[in-house]
Amino acid sequence: MMNENFVIKLEARNPDKGNLRAYKIDAHKDLFGHWFIHITYGRIGRPGRTVTYSSSNDQEAKQIVKHCLKRRSSAPKRIGVPYQIRELQDPKQWAGLGLSTN
C-alpha cells in the first residue's frame, strides 16, 4: 500500500518584526480509510496549538488542506513575511500553491 500521508512544515521568520511562526499540517488515513488532518501552529520553539479535522473522503481532506495553505500564502499581506516550506511529503500533489521552498 502506498503511503498517502501528507505533511508540510512551514515557517515565517522576521525577527525584526517579532514574527517567528511555525505551521504544520499532517494529514493521514486511519485503518478504516478515514482522514485525520492535524494542524499545529504557534511560535517557533514553542509547543503550539493543534486543531484536528476529520473527513470520510479524499476530496474533502484535500479541500481542508488547500484552504489552510491558501490562508498561509496570504501571510505577506497579513504579517509582513511569507511562510517558507521546511519539509514536504506530498504523494497526492495537494500542495500546489506558490509557497517558497527556501
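The values are calculated or read from the model by the stated rules, or taken from the named source; none is laboratory data. Model, not experiment: these values are computed from the prediction. Glycine also receives a Cβ, built like all others from the backbone with ideal geometry; neighbour counts cover every protein chain displayed.
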Completion exercise
Scanning segment 53-95 for residues that are loosely packed, with under 14 Cβ neighbours inside 10 Å, in contact with a Lys or Arg (Cβ under 8 Å, 6 or more places away or on another chain) and modelled with pLDDT under 90 gives G80
Exercise for the section: Examine segment 7-16 for a residue that is loosely packed, with under 15 Cβ neighbours inside 10 Å, at negative phi, in a helix (DSSP H, G or I) and not polar (S, T, N, Q), and state whether such a residue exists. Expected result: yes
Completion exercise
The lone condition Y23 fails out of (1) of a type in the set (F, W, Y); (2) modelled with pLDDT of 90 or more; (3) part of a loop (DSSP other than H, G, I, E, B) is (3)
Completion exercise
Among H34, H28, the single one that is more than 21 Å from Y83 (Cα to Cα) and in contact with a Ser or Thr (Cβ under 7 Å, 6 or more places away or on another chain) is H34
Completion exercise
Exactly one of T40, T50 is touching a Gly at 6+ places or on another chain (Cβ under 8 Å) and of a type in the set (S, T, Y), and that residue is T40
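If I ask for residues that are among the small types (G, A, S), more than 15 Å from A12 (Cβ to Cβ) and not in a loop (DSSP other than H, G, I, E, B), which ones from segment 33-85 would you list? Working first, answer last.
Of segment 33-85, the ones among the small types (G, A, S) are 33, 42, 45, 48, 54-56, 61, 73-75, 80.
From what is left, the residues that are more than 15 Å from A12 (Cβ to Cβ) are 33, 54-56, 61.
Within segment 33-85, S54, S55, A61 meet the criteria.
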Handout entry: The one condition in (1) farther than 20 Å from N3 by Cβ; (2) touching a residue at least 60 places away in the same chain (Cβ under 8 Å); (3) not β-branched (V, I, T) that E87 fails to fulfil
Key = (1)
Practice task
Answer yes or no as to whether T40 is without any contact (Cβ under 8 Å) to a residue 60 or more places away in the chain and more than 11 Å from the chain's Cα centre (by Cα).
Solution key: no
Exercise for the section: Those residues that are hydroxyl-bearing (S, T, Y) and surrounded by fewer than 16 Cβ atoms within 10 Å (Cβ to Cβ), I need them from segment 25-52; list them, please. Expected result: T50, T52
